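Reviewing the structure listed below.
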Amino acid sequence: IMANPAYQQAKLTGQAVALAAASGGGDTVKANPNGALLVRNGDVAAKTVTVVIPGNTDFGQAEPDVAVVVAAGATALIGPFPAAAEDPSDHLVHISYSAVTSVTVAAVTI
């Protein structure tokens, strides 16, 4: 099941960020030029987070996906998510994980 977490807005006075477990089937977010995905990997193994880029190049080849390795015990901020990263079928950005054990995520925006 894919989750579609709502963006949590940064505030000058501070904003607590609520993290949720990454979905085994991947997650989706709305495209947002100021949005990003905060990924915390609490596992002892690195995880790869992949932003699926839809469509083809001018040469008919699939656009390359963006893969980010999040080291064991590390936190990464991945984004922003421009409209070009949206899947035209549902207008969402699709994100997958190599594994979700001890991985928590939050969609954030400034």
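The values are calculated or read from the model by the stated rules, or taken from the named source; none is laboratory data. The structure presented is a predicted model; accordingly, all values stated were derived computationally and were not measured. Methodologically, a virtual Cβ is constructed for each residue, glycine included, from the backbone with ideal geometry; neighbour enumeration extends over all protein chains shown. What goes into the accessible areas is simple: the full protein's heavy atoms, side chains included, and nothing from ligands, DNA or RNA. Shrake-Rupley method; radii C 1.70, N 1.55, O 1.52, S 1.80 Å.
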For this session: Filter region 18-44 down to the residues that are exposed (fewer than 12 other Cβ atoms within 10 Å of the Cβ) and hydrophobic (A, V, I, L, M, F, W, C), then identify the one that is nearest to the chain's Cα centre (by Cα).
Result: ALA18
Problem set entry | Filtered residues of region 92-103 (kept if surrounded by fewer than 17 Cβ atoms within 10 Å (Cβ to Cβ) and hydroxyl-bearing (Ser, Thr, Tyr)) | SER98, THR101, SER102
Exercise. Regarding ASP87, is this residue of a type outside the set (A, V, I, L, M) and surrounded by 14 or more Cβ atoms within 10 Å (Cβ to Cβ)?
Worked result: yes
Exercise. Could you say whether any residue in region 57-70 is touching a Leu at 6+ places or on another chain (Cβ under 6 Å) and not small (Gly, Ala, Ser)?
Worked result: no
Problem set entry | Residues that are farther than 20 Å from VAL108 by Cα, of a type in the set (A, V, I, L, M, F, W, C) and either open to solvent by less than 70 Å² (accessible area, probe 1.4 Å) or in contact (Cβ under 8 Å) with a residue 40 or more places away in the chain (or both), drawn from region 54-76 | ALA71, ALA72
Exercise. Taking only pairs six or more apart or across chains, which ones have beta-carbon atoms under 8 Å, a first residue in region 1-21 that is on the phi < 0 side of the Ramachandran plot and small (Gly, Ala, Ser), and a second residue that is assigned to a loop (DSSP other than H, G, I, E, B) and open to solvent by 80 Å² or more (accessible area, probe 1.4 Å)?
Worked result: ALA10/ILE110
